[in-house]
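The values are calculated or read from the model by the stated rules, or taken from the named source; none is laboratory data. Small disclaimer: the values here were computed from a predicted structure and weren't measured. Ideal geometry is used to build each Cβ from the backbone, glycine not excepted, and the neighbour counts take in all protein chains shown. We work out accessible area using only protein heavy atoms, side chains counted, and drop any ligands, DNA or RNA first. Shrake-Rupley method; radii C 1.70, N 1.55, O 1.52, S 1.80 Å.
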Amino acid sequence: MDFNHTEDRQMLSDSLGRYLQQRYPIDVRHKIAASAEGWSAEHWAALAELGVIGALFGEEAGGFGGKGFDIAVVFEQLGRSLVVEPFLGTLLAGRVLERAGGQEDLLGEVIAGAKVLAFAHEEADSRYDLAGIAAKASETAGAWTLTGTKAVVPQADTADVLIVSARISGAPGDEAGIGLFAVDKGAAGLLVRAYALIDGGRGGEITLAGTPATLIATDGLPLIEDAVAAGLVALSWEAVGVADVLKQSTLDYLRTRKQFGVPIGKFQALQHRMATVALEIEQQRSAAINAAAALEADRVTRERAVSAAKVTLGKAGTLAAEEAIQMHGGIGMTWELPLSHYAKRLIMLGHQLGDDDHHLARYIALGRAA
């Protein structure tokens with residue numbers, strides 16, 4: 001199997017990497033993360049012009065990518081620079097709109113960088129269960145309203161449109177499937193409590209109280225599952241980018257930090273530990289490749305591949321983060337050292353869209369069902 005990117009994907013990766021290296025260094029990233037918005041509209045517009053958002057969607061939606069490896073090249077570079085702009089929410093919500101159809105105008109504005117999407121699906125009690133939705137949708141005279149809450153929605157307070165999941169209710173006691181709805185910023189009954197996230201950017205708790213909404217799809221669970229699968233591919237590749245930076249930073253430190261007059265990288269015990277870290281990162285990369293390749297496959301193949309990648313991310317990511325900090329010593333925990341922020345992000349990546357325990361159980365269950 002040829003693991004090299006196509007020429008177009010490699011060009012996108014190189015262009016995005018150069019932009020982030022030149023215009024998004026760690027000090028700029030810190031300023032953006034600490035701002036009231038938690039992201040930069042200026043960089044968002046520039047990256048949209050570069051074609052980064054368009055790479056996440058297919059041609060029919062106005063983009064030029066949308067495949068697993070298109071997502072991979074974008075998120076690997078985003079991970080290398082700890083980008084806090086709302087790419088994951090845009091991918092999840094945009095993929096729902098793309099698969100549902102009929103939303104080409106809105107997607108066009110998103111791809112152009114004119115509008116920002118957020119995906120409001122998880123709830124406080126859902127425990128990573130995609131079907132664990134308590135928010136309710138009601139229809140009266142052809143108009144839909146939503147009632148319920150959503151938890152930890154990235155960039156919830158600055159999104160122009162929220163894509164929200166809710167359980168459709170008809171007659172009293174009758175609950176159909178999970179629907180998907182678009183809610184405009186500032187809609188009546190929409191309350192967002194925003195806060196800073198521990199690894200950069202911002203999130204928010206959403207309360208819906210009879211909030212008017214536009215129906216996107218009535219049978220939303222397959223669309224949600226497809227979008228989350230794409231999100232897991234994205235997180236897996238973001239983790240690869242983060243882990244590569246951690247590994248290189250640690251190797252550089254081992255070559256320069258001296259103990260007893262020699263670089264500590266000469267010590268065999270540390271060499272063995274770094275070899276283990278490097279091996280685990282390559283396992284993580286292989287699982288991410290498999291997940292990207294399986295994104296367009298049948299449901300069971302796709303879901304097992306993305307869950308396997310998330311399990312590998314959780315285990316390898318924890319090891320890489322812990323070893324990087326331990327081999328740096330106390331300095332590894334300081335705010336001033338970029339490594340601490342990469343380690344923090346890598347740990348948090350292991351918990352987004354389901355931790356390794358959840359996905360290991362899911363991988364096993366899917367295998368038994370098959």
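Do any residues in segment 124-142 that are at positive phi and in a loop (DSSP other than H, G, I, E, B) have Cβ atoms under 6 Å from those of residues that are modelled with pLDDT of 90 or more and open to solvent by less than 80 Å² (accessible area, probe 1.4 Å), where the two are at least six apart or on different chains, and which pairs are they?
Cβ pairs passing all conditions: Tyr128/Gly354; Tyr128/His358.
Residue-wise test of (1) under 26 Å from Gly354 (Cβ atoms); (2) among the charged types (D, E, K, R).
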| position | (1), (2) |
| --- | --- |
| Gly51 | no, no |
| Gly54 | no, no |
| Ala100 | yes, no |
| Glu104 | no, yes |
| Ile111 | no, no |
| Ser126 | yes, no |
| Asp129 | yes, yes |
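If I go through segment 210-269 residue by residue, how many of them are without any contact (Cβ under 8 Å) to a residue 12 or more places away in the chain and touching a strand residue (DSSP E or B) at 6+ places or on another chain (Cβ under 6 Å)?
Count: 1.
What residue, of Ala141, Ala120, is among the aliphatic types (A, V, I, L, M) and open to solvent by 40 Å² or more (accessible area, probe 1.4 Å)?
On the way: Ala120 fails: open to solvent by 40 Å² or more (accessible area, probe 1.4 Å).
Only one candidate passes the filter, namely Ala141.
Out of Arg304, Arg273, Arg299, Arg257, I need the residue that is surrounded by 19 or more Cβ atoms within 10 Å (Cβ to Cβ) and out of contact with any Lys or Arg (no Cβ under 6 Å at 6 or more places or on another chain). Which one?
Working: Arg273 fails: surrounded by 19 or more Cβ atoms within 10 Å (Cβ to Cβ); Arg299 fails: surrounded by 19 or more Cβ atoms within 10 Å (Cβ to Cβ); Arg257 fails: surrounded by 19 or more Cβ atoms within 10 Å (Cβ to Cβ).
Testing whether each residue is surrounded by 19 or more Cβ atoms within 10 Å (Cβ to Cβ) and out of contact with any Lys or Arg (no Cβ under 6 Å at 6 or more places or on another chain) leaves just Arg304.
Give me the residue from segment 336-370 that is among the charged types (D, E, K, R) and part of a helix (DSSP H, G or I) and, out of that set, most open to solvent (accessible area, probe 1.4 Å). Before the answer, list the steps.
Of segment 336-370, the ones among the charged types (D, E, K, R) are 336, 344-345, 355-357, 362, 368.
Of the ones still in play, those that are also part of a helix (DSSP H, G or I) are 344-345, 356-357, 362, 368.
On the way: Lys344: 75, Arg345: 32, Asp356: 38, Asp357: 110, Arg362: 48, Arg368: 195 Å².
By that ranking, first place goes to Arg368.
Using the structure shown, decide if Thr147 is more than 21 Å from Gly94 (Cα to Cα), part of a strand (DSSP E or B) and touching a residue at least 24 places away in the same chain (Cβ under 8 Å).
Working: more than 21 Å from Gly94 (Cα to Cα): yes; part of a strand (DSSP E or B): yes; touching a residue at least 24 places away in the same chain (Cβ under 8 Å): yes.
Yes; evaluated as a whole, the condition is true for this residue.
Let me spell it out: the conditions are (1) modelled with pLDDT of 95 or more; (2) closer than 21 Å to Leu162 by Cβ, and Asp125 meets all of them except one. Which number is the exception?
So Asp125 meets the others, but not (1).
Identify, from the list Ile26, Ile53, Ile71, the residue that is hydrophobic (A, V, I, L, M, F, W, C) and over 22 Å from Ala288 (Cβ atoms). Write out each step before concluding.
On the way: Ile53 fails: over 22 Å from Ala288 (Cβ atoms); Ile71 fails: over 22 Å from Ala288 (Cβ atoms).
Sole residue among the options that is hydrophobic (A, V, I, L, M, F, W, C) and over 22 Å from Ala288 (Cβ atoms): Ile26.
For segment 302-324, give me each residue that is over 17 Å from Lys247 (Cα atoms) and without any contact (Cβ under 8 Å) to a residue 24 or more places away in the chain. Steps first, please.
Applying the first criterion (over 17 Å from Lys247 (Cα atoms)) to segment 302-324 yields 302-311.
Matches in segment 302-324: Ala305 only.
For Asp199, are the conditions met, namely being surrounded by 18 or more Cβ atoms within 10 Å (Cβ to Cβ), of a type outside the set (A, V, I, L, M) and at negative phi? Show your work before the answer.
Details: surrounded by 18 or more Cβ atoms within 10 Å (Cβ to Cβ): yes; of a type outside the set (A, V, I, L, M): yes; at negative phi: yes.
Considered against the rule, which asks whether it is surrounded by 18 or more Cβ atoms within 10 Å (Cβ to Cβ), of a type outside the set (A, V, I, L, M) and at negative phi, Asp199 comes out as yes.
For the subset of segment 239-254 comprising residues that are under 17 Å from Glu322 (Cβ atoms) and among the charged types (D, E, K, R), which member is most open to solvent (accessible area, probe 1.4 Å)?
Lys247
Determine the pairs where a residue that is within 20 Å of Met274 (Cα to Cα) and among the hydroxyl-bearing types (Ser, Thr, Tyr), located within segment 328-341, has a partner that is open to solvent by 20 Å² or more (accessible area, probe 1.4 Å) and not in a loop (DSSP other than H, G, I, E, B) with Cβ atoms under 9 Å apart, the partner being 6 or more residues away or on another chain.
Qualifying pairs under 9 Å: Ser340/Ile325; Ser340/Ile331; Ser340/Met333.
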